[in-house]
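For reference, the structure discussed in these notes is given below.
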Amino acid sequence: MTALQHGSAAIPEAKASIPATSQDEIDEALAVLSDKKDAWVGLSIDERIRILDVLIDSTTRVADRWVRAACEAKGIRRGTPAEGEEWLGGPAVVLRNMQLLKKSLKDIRDHGSPKLNGEVTVRPDGQVVAPVFPTDNIDKLLFTGFSAEIWMDKSVTKSTLQDNMAEFYRNKPKSGRVSLVLGAGNVSSIGPMDALYKLFAEGEVVILKMNPVNEYLGPFMDEAFRELVRLGYFRVVYGGAKEGDYLCTHDLVGSIHITGSDKTYDAIVWGLGKDGEERKRRNEPRNDKPISAELGNVTPIIVVPGPWTEAELDYQGVNLASSLTNNAGFNCNATRVIVTHGAWAKRQALLDSIKRAFSRAEPRMPYYPGAEDRQEAFLKEHPDAHQFGPRGDGKVPWTLVSDLDPTKEDDICFTTEAWCGVTSEVPLEAESVVEYIEKAVEMANETLWGSLSCSIIVHPKTMKDPRVAKAIDKAIADLRYGSVAVNHWSALAYALVTPAWGAFPGHTKDDIRSGEGAVHNTYLFDKPEKSVIRGPFMVKPKPTWFLDNRTAHEIGKKLTGIYAKPSLAKIPSLLWSALRG
């Protein structure tokens, strides 16, 4: 049985599919990068743009093979809707990232800083808000009614915002640095996009260590980034904890970025076992290199009661279930706690809708090590949990734990990221909708572990009540999460790429929780506090990420083509697929 503690799940190391890179080979790769790190700092913006153009072409060429390999590893049949996840969470979003970085670099070259496609505003408390989505007409057509903004650190004013963008390009350092990116094993775009941020936002050359879970993607990363490899600015290496530790403590590594768990972060910073615990107690880290990290979350979705119709209940049931079933539940932003109002007359109808959605959801292979044990740990505390789909060796049914007691703050559902197909629901008692919203925010902030991302779902008719509208605005401001999404799964903050993606600022090394620092952030803001994404209560055509979208694989492939070579002429074909979803 896997022992679970507060925080990210404890995950056994996966069996290697590619031989570990030897220490001699790691030394050689780091020597090349170290030799080239100053040249990368001094590279002109035009040359960086040229490199991005080459990367876009090479990533496009490798995209189909990349997706094929990911589908095979995760037990997804090609030509089925689930394949869409691997397009959308793989080459599509990486190509979007490259295009947006190229746009920002052109703006820096021509105007001195990235140019926003909208007006900067200031909230009543003085906090500066920058619009970051939509970026162009293609965004407007593909995501009608959606918007995203970044709320800045409160030290930033409207007049100083431009002085807090693209720090690397405003004040280039005299020397460069080698960054170690420890890749995630779940979503194939995480490693390359973390590397892109280090390279083009922070000006560091990168050694990417593949995670053993998806190290089969390493050759595709190497091919997609081949121009950077040729020039000595990027290398891919392989291995497990042993190789990771060697890299983290290597003299030539100047900074570290990790997407993973707080357990791995603590092992890097403090060490393992009693020695690590003692170092942490004394505040004597074994590794004092600059470390940025994205470390997961017990992700909440706050459901605001309202006059939902039967069709709306069905829609939102699929919306909520899809935010767990995507990628077999192995997402750091997968919904783990659905917060509801106990007195809402339609609460049970919503739960029934969620259950129906889970019962229709395709069973998925639990490709991440230890998933069965982690689900069993939750069932041990909640034996009455609802389970949907086949059980047995190599199978983890979709699992819903409902009617949690909000006063039991140490409940495993509140303290531990399940990292498998497990989610939960907790009803809160309140005399009014406004009081409920306040209590839900308090619970999200004070009881649930982590600060990465969260969502609020609220009916447009409910928002017509000025008291509720004010409470929602206050909730968005008060939620201490790096991303807050309204009416949709907070994974959109990751997928749109222009929002900053990372934990809410302020965690310390001895209590790191969801991490520190941010990535993506293609407008290159130096001091983002949180990203806020808003979308319609219901979307037509059906969102591509919904578990019952029948053409997600077509949409994902066509969207990849659009981001490879943006053109409005490609939109009608994609919309035709979307309408049939």
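FYI, it's all coordinate maths here, none of it is from the lab. Because the structure is a prediction, the values reported are computed rather than measured. Reconstructed Cβ throughout: ideal geometry from the backbone, glycine too, with neighbour counts over all protein chains shown.
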Taking region 299-534 as the region of interest, what is the percent of Cα-Cα pairs per 5 angstrom bin, listed from the shortest bin to the one with the maximum distance? 1, 7, 14, 18, 20, 17, 12, 7, 2, 0, 0
I'd like the Karplus ³J(HN,Hα) series for region 418-429: coefficients 6.51, -1.76, 1.60, θ = phi - 60°, whole numbers in Hz, and an x wherever there's a Gly or Pro. 5, 6, 5, x, 10, 9, 8, 9, 10, x, 10, 8
Is any residue of region 242-258 close enough, with backbone N under 15 Å, to a label point placed 7 angstrom from the Cα of residue 13 along the Cα-Cβ axis, and if so, which? 242-249
Note on region 1-108: C-alpha Rg/Rh, Kirkwood Rh, two decimals, gives 1.07
Run the numbers for residue 251 and residue 550: contour at 0.36 nm per residue of separation, minus the present Cα-Cα distance, in nm. 102.6 nm
Taking mean projected area of the Cα convex hull in nm² straight from the coordinates, which label in [x] 42.7; [y] 34.4; [z] 24.4 is the correct one? [z]
Charge dipole (debye, nearest 20) of region 299-534; +1 at Cβ of Lys and Arg, -1 at Cβ of Asp and Glu: 760 debye
A correct Stokes-Einstein calculation for region 114-227, using the alpha-carbon Kirkwood radius, 20 °C and 1.002 mPa s, returns a whole-number D in µm² s⁻¹ of 126 µm²/s
Tell me, what is the FRET efficiency for residue 109 and residue 175 to the nearest 0.05, using R0 = 30 angstrom and their Cβ-Cβ distance as r? 0.85
At 0.36 nm per residue, minus the direct Cα-Cα distance, what do residue 409 and residue 510 gain on full extension? Give it in nm, one decimal, please. 34.2 nm
Reported to two decimal places, what Rg/Rh ratio describes region 320-407 when computed on Cα atoms with Rh from the Kirkwood expression? 0.95
Under a no-solvent Debye model with one identical scatterer per Cα of region 107-159, what's log10 I(q)/I(0) at q = 0.28 Å⁻¹? -1.06
State which entries of 140/558; 380/530; 140/439; 115/439; 74/408; 346/557 exceed 28 angstrom in Cα-Cα distance in the structure shown. 380/530; 140/439; 115/439; 74/408; 346/557
Report ³J(HN,Hα) in whole Hz for each residue of region 150-159, in order, from the Karplus equation J = 6.51 cos²θ - 1.76 cosθ + 1.60 where θ = phi - 60°; Gly and Pro get x. 10, 8, 8, 3, 5, 6, 8, 10, 4, 6
Between residue 272 and residue 379, take the C-beta separation as r, use R0 = 30 Å, and let me know the FRET efficiency to the nearest 0.05. 0.55
Just for the chain, what percent of DSSP beta bridges are antiparallel, to the closest 5? 35 percent
Can you give the relative contact order of region 299-534 as a percent, counting alpha carbon pairs under 8 Å and 6+ residues apart? 21 percent
For the chain, what does the relative contact order come out to in percent, with C-alpha contacts under 8 Å and a separation of six or more? 21 percent
Grab the DSSP H runs of the chain that are 4 residues or longer, score each as -39,500 (n - 2.57), total them, divide by all residues and round the 222 nm result to the nearest 500 deg cm²/dmol. -12000 deg cm²/dmol
Only bridges with both residues in region 299-534 count here: give the DSSP antiparallel percent, nearest 5. 20 percent
The long-range amide H neighbours of residue 525, using H built 1.01 Å from N in the peptide plane and a cut-off of under 5 Å, are 166
Classify region 427-581: rounded, prolate or oblate, from the alpha-carbon gyration tensor (a ≥ b ≥ c, eigenvalue square roots; a/c under 1.5 rounded; otherwise prolate if a/b is larger than b/c)? oblate
In nanometres, what is the gap between the two model label sites at residue 141 and residue 72, each 7 Å from Cα along Cα-to-Cβ? 3.5 nm
Karplus couplings for region 453-460 from phi (6.51 cos²θ - 1.76 cosθ + 1.60, θ = phi - 60°), rounded to Hz, Gly and Pro as x? 7, 7, 9, 10, 10, 9, 6, x
Kyte-Doolittle mean at least -0.5 and Cα axial length at least 24 Å: DSSP H helices in the chain: 23-42, 45-74, 93-111
Between residue 359 and residue 311, what is the label-point separation in nm under the 7 Å Cα-to-beta-carbon projection? 2.3 nm
Proximal lysines relative to residue 263, as straight alpha-carbon distance under 20 Å, when same-chain residues fewer than 8 apart are discounted: 15, 209, 242, 274, 280, 289, 509
Between residue 431 and residue 348, 0.36 nm times their residue separation minus their Cα-Cα distance comes to what? 28.0 nm
Order of 507, 488, 6 from fewest to most other C-beta atoms within 10 Å? 6, 507, 488
Mind giving me the FRET efficiency for residue 6 and residue 573? R0 is 41 Å, r the Cβ-Cβ distance, nearest 0.05 is fine. 0.30
